[in-house]
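Asks: Could you have a look at this structure, given as structure tokens, before my questions?
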Amino acid sequence: MSRLHQSRIADFQEVLGEPTVALSKLRDLCFSGIPFDGGLRCLCWKILLNYLPLEKALWSSLLKKQRDLYSQFLKEMIIQPGIAKANLGVSREDVTLEDHPLNPNPDSRWNTYFKDNEVLLQIDKDVRRLYPDMAFFQRPTDYPCLLILDPQNEFETLRKRVEQTTLKSQTVARNRSGVTNVSSPLKTTPNSLSEYEVLPNGCEAHWEVVERILFIYAKLNPGIAYVQGMNEIVGPLYYTFATDPNSEWKEHAEADTFFCFTNLMAEIRDNFIKSLDDSQCGITYKMEKVYSTLKEKDVELYLKLQEQNIKPQFFAFRWLTLLLSQEFLLPDVIRIWDSLFADDKRFDFLLLVCCAMLTLIRDQLLEGDFTLNMRLLQDYPISDVRLILKKAKELQDSK
């Protein structure tokens, strides 16, 4: 370990060791990248995403409260209507004349169950393909959810719901982006045989945990529910928390990820709501902001893209909506997110990162035709995120 690295760790430990964390100091440190050592990144992200308060004395009680609340969500939401857990003292509810599977009433519990299945099948389809180039999400978690896996309980697990339903997932696909693919066209898409397999009973793969987080989020947020691409937002969060070297934190990765994901989505959810596209909080405004920033920083490149009719929707939609999570390898995405989460004007820096990505390949873009340039933007050629972040910081400082 280099002296510089040791010094950075000591700087983080000093700020985090205070009774009240100095947020501005923490932001400054995190902006330049957070060390993985000692679970520093996991802890910093939880503070930056407003999950943990700045007063350390409150951490223990808040974590217990939130983790207990998440357990309650599991009990209330991952259960089949008509089935109750006997040892919780809930009476079994049989199908009645008032509420049965063919009841057309939209408030029917059966109707809700079938609608939930549609959402679940889309989530299941997406999370089985999460980061296919990594083995992590296929591996069993060290901390499977005992409430779900306990053979004595009568909960119907999400695994069973997916297995038992006959509804084709293709009929429920919700693609947020319209004509633009949310998923990268150059990412390998596994066929049904190579998608992640279900592990034996008693084991849970990490992708199944992510599925549960997204399903509960969809249940609690019916206005937006689940939109394709949310899996790419929750993936890096869960990976970071589930690989925490501190086992006490790692054990609660699922609940902590859920609340951090919920807080993050509260800030970016407008990107996923089509009706808000053209509002000042919508994705169209942000895409245009990338081009207006580019025009200010590099008018020649801006005019070239305009001349070729390369609209920001063709590439910046995915960059902005998914916080660049599909443009780089996962460790690089996590490094970028250190800076994005540390941004006090949350995600203004993301616009500058997108602008930096364009200016760093300006020579190729100025020489290329429409087809070549679209290929460059859809499959970004620079993999050194430190170079990109450095350029974005230069753009920020030149304002």
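No value in this document is a laboratory result; all are computed from the given coordinates. Remember, it's a predicted structure, so these values are computed and weren't measured experimentally. Don't worry about glycine lacking a Cβ; one is built from the backbone with ideal geometry, like all the others, and counts go over all protein chains shown.
Asks: Could you run the Karplus curve 6.51 cos²θ - 1.76 cosθ + 1.60 with θ = phi - 60° over the stretch 382-394 and give me ³J(HN,Hα) per residue in whole Hz, x for Gly and Pro?
Replies: 8, 9, 7, 6, 5, 5, 5, 5, 5, 5, 4, 5, 4
Asks: Can you list the equivalent-ellipsoid semi-axes of the stretch 277-375, largest first and in whole Å, using the square root of 5 times each Cα gyration tensor eigenvalue?
Replies: Result for the stretch 277-375: semi-axes of 22, 16, 13 Å.
Asks: Would you please state which residues of the stretch 330-367 a label at L387 would reach in this model, taking the label point 7 Å out along Cα→Cβ and a backbone N cut-off of under 13 Å?
Replies: Residues 357-364 fall inside that zone.
Asks: Next up: Checking the table K64/K250; K304/K345; K311/K345; K46/K390 against a 22 Å threshold on Cα-Cα, which pairs fail?
Replies: K304/K345; K311/K345; K46/K390
Asks: For the stretch 358-372, in order, what is each residue's ³J(HN,Hα) by Karplus, 6.51 cos²θ - 1.76 cosθ + 1.60 with θ = phi - 60°, in whole Hz (x at glycine and Pro)?
Replies: For the stretch 358-372, the Karplus-derived couplings read 6, 5, 5, 10, 4, 4, 5, 5, 5, 8, x, 8, 4, 5, 5 Hz, x marking Gly and Pro.
Asks: Where the centroid of each part is defined by its Cα atoms, how far is the stretch 17-66 from the stretch 321-344 in Å?
Replies: Centre-to-centre distance over Cα atoms comes out at 18 Å.
Asks: Please work out how much length the chain gains when fully extended from S247 to S2, using 0.36 nm per residue of separation minus the C-alpha to C-alpha distance, in nm with one decimal.
Replies: So the chain would gain 85.6 nm between S247 and S2.
Asks: Further question: Suppose each label sits 7 Å from its Cα in the direction of the beta carbon; what would the K311-E267 distance come out to in nanometres?
Replies: 2.9 nm
Asks: I'd like the Karplus ³J(HN,Hα) series for the stretch 40-51: coefficients 6.51, -1.76, 1.60, θ = phi - 60°, whole numbers in Hz, and an x wherever there's a Gly or Pro.
Replies: 4, 4, 4, 5, 5, 4, 5, 6, 5, 8, 6, 7
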